[in-house]
Amino acid sequence: MALKRMDNVGIVVEDLGRAIDFFRELGLELEGRAMIEGEWAGRVTGLGNQHVEIAMMRTPDGHSRLELSRFLAPDVVADHRSAPVNALGYLRVMFAVDDIDETLERLRMRGAELVGEVVQYKDAYRLCYIRGPEGILIGLAEELR
């Protein structure tokens, strides 16, 4: 049996509306929102009786998704949003953009902060990391042609 695709990347947030607005500004589309609860959900995650509000965001090409989750129960137990890029575990998601400067300008109006600086890698890419809503680490890559 072969792997079909990566379905989505999940990010837990405190303010779901703010996160949706930020990722919409980046260019993702809201595919849908739902409340996930019940014993079946707790069996999947191992968290027992959970209540989670989710929003599924889709990239414009339709191939990638970002699942934003706000846990109502149980309480969130860890916070690694301020971890540096070399911390262990899942840490960031990177998006390809047409114009990194224009994207940064729009996202700064939604509270994004540049982590280091925009750098150029050879004649191939301009790259940067930003902190988005709630300190979420996001990479941006502009392919140079």
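For segment 1-57, what class follows from the C-alpha gyration tensor (a ≥ b ≥ c being the square roots of its eigenvalues): rounded when a/c is under 1.5, otherwise prolate if a/b is larger than b/c, else oblate? Numbers along the way, then the final one.
Details: a/c = 2.59, a/b = 1.22, b/c = 2.12.
Judged from the Cα gyration tensor, segment 1-57 comes out oblate (a/c at least 1.5, b/c at or above a/b).
The residues neighbouring residue 120, those whose beta-carbon lies less than 11 Å from its own, together hold a net charge of -1 under the Lys/Arg +1, Asp/Glu -1 convention. For segment 41-88, the gyration tensor built on C-alpha atoms gives an oblate shape. Its axis ratio a/c (a ≥ b ≥ c) is at least 1.5, and a/b is not larger than b/c.
Summing -39500 (n - 2.57) over the DSSP H runs of n ≥ 4 in the chain and dividing by its residue number, what mean residue ellipticity at 222 nm do you reach, to the nearest 500 deg cm²/dmol? Please list the in-between numbers first.
Values: 3 runs with 27 residues, N = 145.
Estimated from H runs of four or more residues: -5500 deg cm²/dmol.
Charge tally for residue 110 (other residues, Cβ to Cβ under 10 Å; Lys, Arg +1; Asp, Glu -1): +2.
For segment 1-125, dividing the convex hull volume of the Cα atoms by the residue count gives 167 Å³ per residue.
Rounded to the nearest percent, how much of the accessible area of the chain (1.4 Å probe, protein heavy atoms only) is carbon and sulfur?
Working: 4850 of 9440 Å².
The C+S portion of the solvent-accessible surface of the chain is 51 percent.
Residues considered: 115, 93, 44. Largest GNM mean-square fluctuation over the chain, using C-alpha springs under 10 Å, is found at 44. Among 95, 71, 22, the largest mean-square fluctuation in a Gaussian network model of the chain, built with springs joining Cα atoms closer than 10 Å, belongs to 95. Among 78, 55, 112, the residue with the largest mean-square fluctuation in a Gaussian network model of the chain, with springs joining Cα atoms closer than 10 Å, is 78.
Figure note: 114, 3, 91 ranked by solvent-accessible area, largest first, 1.4 Å probe, ligands and nucleic acids not counted: 3, 114, 91. Could you tell me the calculated FRET efficiency between residue 14 and residue 145, based on Cβ-Cβ distance and R0 = 41 angstrom, to the nearest 0.05? E(calc), rounded to 0.05, equals 0.55.
Computed over segment 83-124, the range of Cα coordinates on each principal axis works out to 31, 30, 17 Å, biggest value leading.
Counting heavy atoms of the protein chains only and a 1.4 Å probe, report the per residue accessible area for the chain as a whole number of Å².
Numbers: 9440 Å² over 145 residues.
Heavy-atom accessible area per residue stands at 65 Å².
The values are calculated or read from the model by the stated rules, or taken from the named source; none is laboratory data. Remember, predicted model here, so these are calculated numbers, not experimental data. Counting neighbours? That spans all protein chains shown, and the Cβs are built from the backbone with ideal geometry, glycine included. Accessible surface is based on the protein model in full, side chains and every heavy atom, while ligands, DNA and RNA are left aside. Shrake-Rupley method; radii C 1.70, N 1.55, O 1.52, S 1.80 Å.
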